[in-house]
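Trainee: Supplied in structure tokens, the structure appears directly below.
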Amino acid sequence: MLTRRDLGKLLVGGVITTTARADQTTPPAYGVDHFKLKVVNAGASAMFYYDLFGGEVVSVRNGTMPESPMVDEFFLKVGDAAFPYLILSQMAALDQPGLEHLAVLVNGSGITRIWDADGRLVEIISRPTWGGTSSTIQRPLPVNWKSLRPAFQPIALRRVKLLTTDPSHTAQFYGNLLGWQRAEAMLEFKPNPTPGLDRLVFSIHKMNSDHARRILRQRGIHTHGSRSDVLFRDVDGNLVELVAR
């Protein structure tokens, strides 16, 4: 996995990074590489998700960009899909928890940073970043993680629902960027005066709503929603939804 500092080193080696307007043309995209969330306690957030879904986890001491301070981060990939994955990043003292950015894969070169209709950072990258983590920033996982037995067998991080001031405008932006079919499969939009993250949606093997709620209650997690919904909050207050394939 390429870290932000790895990306910074690439820049020195000649890869050009640019910033762009939300309406600037970009190469055709073929997927979302990752979503990065700022969290109150990176270790606690990562353990919460790993306890539920298992998957692959990489613990690092990393910075968002070369000039940013080093913080604890956990890269978490659940299910069999090559992407997207989650980055759970320890927020700085003056930060607020929530979605920092999403990274989109395109058939192109270099690294571009653009902003969507709500001013949300979107990183445009030309290759998947999972699997290229520099050994110099990796850290061992806590010993007590070895005893965890994940509650569910997830298929993938299926979808992310974003809060947006203008769903039509935001949908148009991501439809143009990702293609309408990919955008509709990966992203949902909910009107809200304050943009942000509404929920993460995970698809689960052999999903049964009653059984899933019972497992979550056994882990001390309160669920809500209708009989067919399985909704709950993570340790940072983000809404999580479980769905069938």
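Quick grid of which residues meet (1) within 30 Å of MET207 (Cβ to Cβ); (2) of a type outside the set (D, E, K, R); (3) loosely packed, with under 14 Cβ neighbours inside 10 Å:
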residue	(1), (2), (3)
ASP72	no, no, no
TYR85	yes, yes, no
ALA92	no, yes, yes
ASP95	no, no, no
GLY98	yes, yes, no
ILE114	no, yes, no
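Trainee: Can you tell me which residue among ALA171, ALA156, ALA212, ALA183 is surrounded by 17 or more Cβ atoms within 10 Å (Cβ to Cβ) and under 24 Å from SER59 (Cα atoms)? Write out each step before concluding.
Mentor: Values: ALA171 fails: under 24 Å from SER59 (Cα atoms); ALA212 fails: under 24 Å from SER59 (Cα atoms); ALA183 fails: under 24 Å from SER59 (Cα atoms).
Residue meeting the stated conditions: ALA156.
Trainee: With the structure loaded, tell me whether THR129 is of a type outside the set (Phe, Trp, Tyr), buried (at least 21 other Cβ atoms within 10 Å of the Cβ) and not in a strand (DSSP E or B) or whether it fails that test.
Mentor: Values: of a type outside the set (Phe, Trp, Tyr): yes; buried (at least 21 other Cβ atoms within 10 Å of the Cβ): yes; not in a strand (DSSP E or B): yes.
Answer is yes for this residue.
Trainee: Still on this structure: (1) part of a helix (DSSP H, G or I); (2) hydroxyl-bearing (Ser, Thr, Tyr); (3) within 21 Å of the chain's Cα centre (by Cα): which one isn't true of SER168, the others all being true?
Mentor: (3)
Trainee: For ILE125, indicate whether it is among the hydrophobic types (A, V, I, L, M, F, W, C) and modelled with pLDDT under 95. Even if it seems obvious, please write down each step before you answer.
Mentor: Values: among the hydrophobic types (A, V, I, L, M, F, W, C): yes; modelled with pLDDT under 95: yes.
Criteria met by ILE125.
Yes or no, residue by residue, for (1) assigned to a helix (DSSP H, G or I); (2) at pLDDT below 95; (3) closer than 21 Å to ILE114 by Cα; (4) in contact with a strand residue (DSSP E or B) (Cβ under 6 Å, 6 or more places away or on another chain):
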position	(1), (2), (3), (4)
LEU163	no, no, yes, yes
ASN176	yes, yes, yes, no
ARG182	yes, yes, yes, no
PHE189	no, no, yes, yes
PRO193	no, no, no, no
ARG199	no, no, no, yes
PHE202	no, no, no, yes
ILE215	yes, no, no, no
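Trainee: Confirm whether ARG61 is in a loop (DSSP other than H, G, I, E, B) and charged (D, E, K, R).
Mentor: Working: in a loop (DSSP other than H, G, I, E, B): no; charged (D, E, K, R): yes.
Spelling it out, it is not the case that ARG61 is in a loop (DSSP other than H, G, I, E, B) and charged (D, E, K, R).
Trainee: In region 64-99, what residues are farther than 23 Å from LEU216 by Cβ, small (Gly, Ala, Ser) and touching a Ser or Thr at 6+ places or on another chain (Cβ under 8 Å)?
Mentor: Within region 64-99, just SER89 meets the criteria.
Trainee: If ASP51 satisfies all but one of (1) modelled with pLDDT of 90 or more; (2) touching a Lys or Arg at 6+ places or on another chain (Cβ under 9 Å); (3) in a loop (DSSP other than H, G, I, E, B), what's the number of the condition it fails?
Mentor: Looking at each condition in turn, ASP51 falls short on (3).
The values are calculated or read from the model by the stated rules, or taken from the named source; none is laboratory data. None of the values given here were measured: they were computed from a predicted structure. Neighbour counts are summed over all protein chains in view; Cβ atoms, including those assigned to glycine, are modelled from backbone coordinates with ideal geometry.
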